[in-house]
Structures are given as C-alpha cells and as structure tokens.
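Below is one structure, written out as structure tokens, with a few remarks after it.
The values are calculated or read from the model by the stated rules, or taken from the named source; none is laboratory data. Because the structure is a prediction, the values reported are computed rather than measured. Neighbour counts run over all protein chains shown; Cβ positions are idealised from the backbone, glycine included.
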Amino acid sequence: MIGPARRALLPAAAAAAAALLPLVARSNYLLHILVMTQIYVVLALSLNLILGYAGLLSLAPPAFFGIGAYTSALLALRLGWPFWPALAAAAAAGLLFAAAVGVPSLRLSRHSFVIVTLSFTLLAQLAATNWTDLTRGPMGLPGIPPPALRVPAIGPVRIAGKAGWYELMLAVVVAALLAFAALVRSRLGRAILAVREDEVLARALGIATDRVKLLAFALSGLLGGVAGSCYAHYISFIDPSLFDFYYMENLLIMVVLGGAGTLWGVVAGAAIFNVVPELLRIHPELRAFLYGIALLAAVSVAPGGLAGWVRARRAARAPRPEPA
Amino acid sequence: MLAQHIVNGLVQGALYALVAVGLTLVYGILEVINFAHGELYMLGAFALYLLFAWAHLPYGPALLLTVLALAGVGHLLARATMVPHLRRPFESTVLATLAASIILQNGARVAFTATPRQANPPLEDVVVRLGDVVVTGQRLLALGAALLAFAALHLFIRRTRAGKAMRAAAQSKDACAMVGIDVGRVAARAVALGGGLCGLAGAVVAPLYDIFPGIGTMAVFKSFAVVIMGGLGNVPGAMAAAALLGVGESLAGGYVSTTAKDAFGFTLMILVLLVRPQGLFGRRVRV
Amino acid sequence: MSPAVAEGAGAEALLEVRGMTVRFLGVPALQGVSLAVGRGEIAGLIGPNGSGKTTLFDCVTGYLAPDAGEVRYRGEDITGRPAHAIARRGLRRIFQQARVFPALSALENLRAAGQEAQGATLATGVIPTARSRRLDRALDERARELLEALGIAGTAATPAGTLSYGQQKLLGIAMALMPRPELVLLDEPVAGVNPTLIETLKGFLRALNAAGTTLLIVEHNLEVVMDLCRRVFVLDSGELIAAGPPASVQADERVLAAYFGR
C-alpha cells in the first residue's frame, strides 16, 4: 500500500509542473485554452458531484454557472465589489439556489428531478433574457472588471494577462480539487456514495438520505457558481447564452467520457474536450455530431468512461480474493 | 378575442399532444424519458419539406410517407438507445437518448445547415371563419389530423394484439417476460408509434413555422412539461395537459406578455409537481 | 392484542405492533395484526408466501405507512416515522436479498453502516480533529471485530460487489450490527445460503442473542425457526393465526391448514 505522503507526491508534482507552464508556453492562444479548461474543470466537478458521486442526473449545472456569473458580474459592475467577495457571493448564490430547487424536487422521482432541473435552467435563461432592468437582457453585461489582488509589499496587482489568469485559475482548481477530495473521503462523502449505491439500504442504516442528497446538490450549486464567477471576470462579458443547453451537452460529454465518480477522470475529460476541438479544426456541428457518437458509445460500452476503463484494466490484472 | 385565443390554444394543444403522447407512452412501458423525441418531430418536419417542397410530391402522400418514415426512425432509435439499456439504471438510457439527440440534431445541421426552410402546402391560404374566430385551413387540418390520430391510437391500443401487449408491458415488465412478451420489441413498437405521431406533428406543423434543425429542442422540453403534468405514462392525461398548456400559453401570451407565455409551461409544471407529484391525473399507467 | 400474544412478550415488550392494517389498491395485505416481542428473546415470523411478512417488516421499519394501527418501540410510537429515524433508534433491518454498497470496499461498507450511530456531525472527517480520529478508530475497530466474528476478515479491502453471495449476506449482517442495535429484524437470513453456513449462522445468531440483542426473524426454513425461536408468530393472508412456542404452533390446526391444505 502506498503511504499517504507518497500518494500526494504525484498530484503535487503535477500541480508544481502546471504552475511553471506559462514559462514554457508563451502562446496566448494556448493559455486561453488552458484557462477555459480550468473553468470547465470546476464546472465539471459540479456535475461530477451530483451525477458521479450522488448518482443523480441533474441538468441544472448551466443554471448555477449562469447564476454565479450574473451574481458576480452585477456585484462588480453595479456595486463595485472586488473579485474575491464577488466570487464568494456567486458561490453562495449557487448554493442557495440549489438548496431552494433541491428541497421540493429531490423528493420527486428521479425522472421528475431531471425534468425539473432542466426547467430550472430554462427558466433561469428566460429570467436573464427578459429581466432587462437587471441583466440588460440579450445585450448582456460587458466590461466586467478583472480581479485585483493585493500582494503584500507590492500593492494591488491586476490580473489582466492570460498568464496571470492561468495561475489564478490554477489556484482555484487546486483548491476545488482538494476540497472535493476531502469531501469524498469524509463521512458526508461516504454517505453520498451510500445513497448512490443503494438508497434503500442507506436508509436502513440510519443515513438521512434526503438531507444527504440536498447537501450534495447544494455543494454542486456552489461549485457551479464559482465556475460562473471566474468565467465572467475572465471573459469580461456575459449574456443569456450562458444558459444554453449546448453547454450541458458538452459538460455531460466531459464528465461521462472522462469518468463520472472519479476525480482525475473528470479533469482529464475537461482537458481533452477543451483541447481536442482546437486541434481538430472541423465544423462545430460535425464535431458535436462526433461527440454525440462518442457519448452513445461510452454509455453503451464503457459507462465508466476513461477512468472506469483504466480501473477495470487494473482490476483485471490484480489477484482476486478467495471466496468463502 | 377570448374565443380566438382559446381556439388558437386548442390547436396548439393538439400539436403538443401529438408529440407528448408518444413520449408518455414510451415512459409508461420503459420508465425512461426519451430525450431524442424532439428530433423525431424535427425530422418529421424536414421529411415533409423534402418530399413536398423539394421532391414536389402532393401534400397528402408526402404526409403519409413522413409518418411511415418517422415510425421507422423511431423503431431504429429504440433499438439503438433504449433496448440495450433495459436492465440498466435509467440515467444510462437518458444519456443514450441525449446522445442520439445530439447526433440527430447536429447531423441535420451538417446535412441541411441551419438556414430555415419553408413549406407552403395547399391549405395555407384557406381561412375559415366561425363567428368571431378565424382559423387558417392548415391549422384546422392539424387539429383534425391530431384528433384522427388519437382515435386511431385508442383503437390500436384497445383492439389490436400489439396494442394490448403495450398495455401489458406498461403494467408489468416482469409479467410480460413470464408470458413470453418481448418487452424490447414492444418498446421499439411504442417508440415507432411515437415516431409516427411526431412525424405527423412535424408534417402538419412544418408549414406553419420555419423548419430548422433546432426545432426539436423546445418541442421536447414542452413535451416534458406536458408529460409530467399529465402524469408519467398517462396517455389521456397527457392529452388533457397538452390542451391545458396550449390554451394557457395562448391566454398568457395574449393578455400578459410573451415572456409569460414562454415561462407558463415550466412554471405550471413546477407548481403541479409541488402540489401533486404524481401529476394532475395520476401517475398510474394508463394507455 | 390477545392476552396470549401480549403475555408471551413478558413484562418488557421491546417491540409492539397493534392492529396493523395495510391495503394495496383495496386488497388487504395486513389485517389488524398485533404482536409483541420481548426484550432479549428470539421471535420468529412465519407464514406462506404472500401472507404479509415483508409488509409487516416494511411498516415496522418505516418503509411503509400503515392504513391503520401503530408500532411502538420501547414504548415510543414510531408509526410512520421515516426509515432512517427508526434505524437510529436502535432497530435495524437485514434485507432478504443480500444488500451491500457494491462499489465500496467491505470495510467502507461497515464504516458507512456505523457512522450515523456515532452521533458525530456530517462535517466530521472533513477536518480531522482529535475527536474525529477517535471516532474513526472506534468505527474501524468495531468493523474488524464484526468481520472476524463472521469469518470474512480477508475481504476488508475488496469491493463488496465482487464478493460471493454468501459473503455479501454475511457483510449485510455485519453492517446491521455495527451500532450494536437492540433489536434486529432479519428477513430470511438463511435464504440462498449453503447448508454448512446455515449452522454457523445459527450459532452466530444464538451468541448474538445471548449477548443481549433481541431478534425477530422471518424465515421459510421452518427447521431453523423452530430451532432458534422461543416464540413464533404465524401470518396467513394478512392475519395473525397463531402465536406461541414452536411446538404448539407446529401442532396448530390453522397453521397446518395454511401451509398444507385449503
């Protein structure tokens, strides 16, 4: 068995290498792809938590993404909030909306839950489009200010360049992954997995499954809000198209093909499906068509995605225990 | 004015019903939500366009061929995405049908581009007046076709063996297995039936609006609302809920605002679920 | 409740069911069933298929709300309370089909089974403290103790889904016992288990009872029931038709008619 210190070595080395990447990769274009990947990793973690770990298909991640983006943008533009408080508020908004939607809908059947979360996203888009006094509707919100970080002894530093954003998002992603990993290893994480594996059994063991599902959903809302806020301040322009179902489809492909219910699988999925489109310069519709085929193939043949496939191969080579 | 709104709403409701009935029928049998259902409607509209406006077939035969073609597509869809997942958790099927939706919608985009098309069938310019109410011929045709289709569906389910097999499968898959009814085949037939109905819907609606690859998305989302409100698996319930949605949207659009019209369906659905999770007419499977 | 049923439970009835009635679509599954299980006894619940045994379990353990009647545990009315709340009160259920969490290791299964009873908040374990570490250690010790006692110690790290059916059944028992429950309801504990294992299980259950756990067992294997149980309740078509020591129940005409002739 690998000791915990040694197990942390590989991810730590990867994080360190990642932090040094901008020294090597000067291309703004490449850095942009990487920053978008990082934002998507956080959003993919949101879906991963509710689908991969709690076992509930939710079509609400774009809603939390959009709500986080608009919350953060409006606080920055209308009230002059700095980045970190705006991010925190976006996270809180995601959490609260998820809780509000979750309370009535998680007690419904799974099928109804899917459709209610879908409806929530559609209604959120309608609100963003039509509540023009607040959101400027289809014209969107331009000019969202980038973060200004207070560095001791140097003073405020504006994160304007791609390299700066890359490092900032790297910090956010690492924090999100660490928090996610801690959650999964905790008692709550164990309860969430129990609910996914067998809800009836979980209740017989004293686990308050409704509360566990609500917590998982609320936390997934929080992650979505964080991703939305980062996106808003990075791209500096948002509009109601953030809520398009198209983004949900992309997210599902990242999470399912990467490996729902795993960490590195989802990170890999987000990376692959942000980088590949840039390498594969084909018509977006053709690309989406191919994605659809990949998703269908994965769901039918390799439901665990890339990570599941790797795990199965590793297990096939490991010795089996003696049956009783 | 009110009567006009109501009539418009009922026509729209009939169209929603045409699309939703297939969806709820499949749910009743397989307990899965077919996310590709809207694409069946979209393909129906495109099929009619190709046959009528491009190949210049007369409207009647074009309509008939569309219905048959979409029944076939529905059957294939079921075989590819639903039957293999019969024994798997439902999320698996939802993802499979969602994948099919992506494939079909983007395939259509690649094949036809996003440019909206129009089909101009013979009844388009005919206008019928009933008192203060004005209805175009095409809309009346749509309403009539829908009612005929429902009558035919009712007869099919009640009188034919295949229809009875569907009712049996909707009540108990295990019992079907025991008496030798192949649930997979029944399910494929149900999806084919739904496909045919969607094809009909696409064919009669196509001339009313623009035809482009994205029309399936909102159609299926609205159908979800109808199916949930009517009670999952409840065919008469879906019809009633569709009428309610159509009329409600029409009134909301006429008296409140376009936003109210767009939001009406989903808001109503959520309210219904809060008060009666099994839908307005009960979830008990009824075909 | 008839005097015979109440008396048999002794002064301390741990579990009382009174007038339990359940109807599914108008068809009665349970009709006015009353029984009581005394603290420290092993009681059996038998009856032909469809007699309502599992329905009764569902009502007692909070998976089903009865149309009429009540359930009392340690004197407290628990009728219609949610399943997880009842499980936390010290009443545990073991299912007929071996149920485990397949993707988790056997040890993780046991941790999940025991963590609620420790009373720690859900946040425990996210931030390790001295207290949380102590609780985790206690959880693991208890888990290993049970794995040893049931003879499946070697499976601790194995994903529960890959275990054999017999191993999963044993793991299911271990999971129910993690918080040292007062009352365990077992739904056909020896169904699908090979004969050598049955004797081991019987011994295990006897030892468990001797250590203070009250058991209510539903079983089709009448030999096991007659051997283990001090008292037996017999259901037929949703009604309680006999209650008493195994010998008297075995000879009861109504019971014989229910099983063999009608």
| message | With the requirement that a residue be more than 8 Å from chain A (Cβ to nearest Cβ) and either over 18 Å from A:Leu193 (Cα atoms) or part of a helix (DSSP H, G or I) (or both), what does the stretch C:145-156 give you? | response | C:Glu145, C:Leu146, C:Leu147, C:Glu148, C:Ala149, C:Leu150, C:Ala153
| request: Scan the stretch A:126-152 for residues that are more than 10 Å from chain B (Cβ to nearest Cβ) and surrounded by 14 or more Cβ atoms within 10 Å (Cβ to Cβ) and jot them down. | output: A:Ala128, A:Thr135, A:Arg136, A:Gly137, A:Gly140, A:Leu141, A:Ile144, A:Pro145, A:Pro146, A:Pro147, A:Ala148, A:Leu149
| remark: Of the conditions (1) touching a residue at least 60 places away in the same chain (Cβ under 8 Å); (2) more than 14 Å from chain A (Cβ to nearest Cβ); (3) touching a helix residue (DSSP H, G or I) at 6+ places or on another chain (Cβ under 8 Å), the single one that B:Gln171 does not satisfy is (3)
| task | With the checklist (1) buried (at least 18 other Cβ atoms within 10 Å of the Cβ); (2) under 19 Å from the mean Cα position of the chain (by Cα); (3) within 14 Å of another protein chain (Cβ to nearest Cβ); (4) in contact (Cβ under 8 Å) with a residue 60 or more places away in the chain in hand, flag the one item A:Ala181 doesn't pass. | result | (1)
| So which of C:Val190, C:Val255 ends up being over 13 Å from C:Ala43 (Cα atoms) and part of a loop (DSSP other than H, G, I, E, B)? | C:Val190
| Do we have A:Gly102 as part of a helix (DSSP H, G or I), away from chain B (no Cβ under 14 Å), in contact (Cβ under 8 Å) with a residue 60 or more places away in the chain and among the small types (Gly, Ala, Ser) here? | no
| request: Scan the helices (runs of 4 or more DSSP H) fully inside the stretch A:247-324 and keep the ones with 1 or more residues being more than 13 Å from every other protein chain (Cβ to nearest Cβ) and over 21 Å from B:Thr93 (Cβ atoms). | output: A:264-279, A:305-317
| query | Among the candidates A:Leu263, A:Leu290, which residue alone is surrounded by fewer than 22 Cβ atoms within 10 Å (Cβ to Cβ) and either touching a Cys at 6+ places or on another chain (Cβ under 7 Å) or over 28 Å from A:Leu183 (Cα atoms) (or both)? | reply | A:Leu290
| task | Look through C:Ile198, C:Ile173 and report the one residue that is part of a helix (DSSP H, G or I), farther than 14 Å from C:Arg92 by Cα, of a type in the set (Val, Ile, Thr) and within 14 Å of chain A (Cβ to nearest Cβ). | result | C:Ile198
| message | Condition (residue is assigned by TED's automatic domain parsing to the domain that holds C:Gly47, of a type in the set (Gly, Ala, Ser), crowded, with 16+ Cβ neighbours inside 10 Å and in contact with a helix residue (DSSP H, G or I) (Cβ under 9 Å, 6 or more places away or on another chain)) applied to the stretch C:199-207: is it met by at least one residue? | response | no
| field | Pairs where the first residue, in the stretch B:73-97, is at negative phi and the second is crowded, with 24+ Cβ neighbours inside 10 Å and of a type in the set (Asp, Glu), C-beta under 9 Å, 6+ apart | value | B:Val73/B:Glu39; B:Leu77/B:Glu39
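For (1) over 9 Å from the mean Cα position of the chain (by Cα); (2) crowded, with 24+ Cβ neighbours inside 10 Å, each residue gets a yes or a no:
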| position | (1), (2) |
| --- | --- |
| B:Gln4 | yes, no |
| B:Val7 | yes, no |
| B:Leu15 | no, yes |
| B:Leu30 | yes, yes |
| B:Phe35 | yes, yes |
| B:Gly38 | no, yes |
| B:Met42 | yes, yes |
| Which of the helices (runs of 4 or more DSSP H) contained wholly in the stretch C:28-138 include at least 2 residues that are more than 14 Å from chain A (Cβ to nearest Cβ) and surrounded by 17 or more Cβ atoms within 10 Å (Cβ to Cβ)? | C:53-60
| field | Criterion (within 30 Å of C:Ala103 (Cβ to Cβ), at pLDDT 90 or above and not acidic (Asp, Glu)) met by exactly one of C:Leu235, C:Leu170 | value | C:Leu170
| Of these, C:Pro159, C:Pro189, which one is away from every other protein chain (no Cβ under 12 Å) and either modelled with pLDDT of 90 or more or within 17 Å of the chain's Cα centre (by Cα) (or both)? | C:Pro189
| Out of (1) within 17 Å of the chain's Cα centre (by Cα); (2) touching a residue at least 40 places away in the same chain (Cβ under 8 Å); (3) surrounded by fewer than 18 Cβ atoms within 10 Å (Cβ to Cβ), the odd one out for A:Ala171 is which? | (2)
| request: Please find, among A:Gly66, A:Gly52, the residue that is at pLDDT below 95 and among the small types (Gly, Ala, Ser). | output: A:Gly52
| said: So if I check each of B:Gly233, B:Gly246, B:Gly202, B:Gly196, which one is more than 19 Å from B:Ile270 (Cβ to Cβ), modelled with pLDDT of 90 or more and buried (at least 24 other Cβ atoms within 10 Å of the Cβ)? | reply: B:Gly196
| said: For a quick check of your reading of the model, give me the residue pairs whose first member lies in the stretch B:100-114 and is of a type in the set (Gly, Ala, Ser), whose second is assigned to a loop (DSSP other than H, G, I, E, B) and surrounded by fewer than 23 Cβ atoms within 10 Å (Cβ to Cβ), with beta-carbon atoms closer than 7 Å and at least 6 apart or on different chains. | reply: B:Ala114/B:Phe212
| said: crowded, with 21+ Cβ neighbours inside 10 Å, at the interface with chain A (Cβ under 9 Å from one of its Cβ atoms) and closer than 17 Å to B:Ile33 by Cα: is that true of B:Ala225 in this structure? | reply: yes
| query | A:Asp244 versus (1) surrounded by fewer than 17 Cβ atoms within 10 Å (Cβ to Cβ); (2) free of Cβ contacts under 8 Å to residues at least 40 places away in the same chain: which is the lone unmet condition? | reply | (2)
| Residues that are facing chain A (nearest Cβ under 9 Å) and surrounded by 20 or more Cβ atoms within 10 Å (Cβ to Cβ), drawn from the stretch B:249-269 | B:Asp262, B:Ala263, B:Gly265, B:Phe266, B:Met269
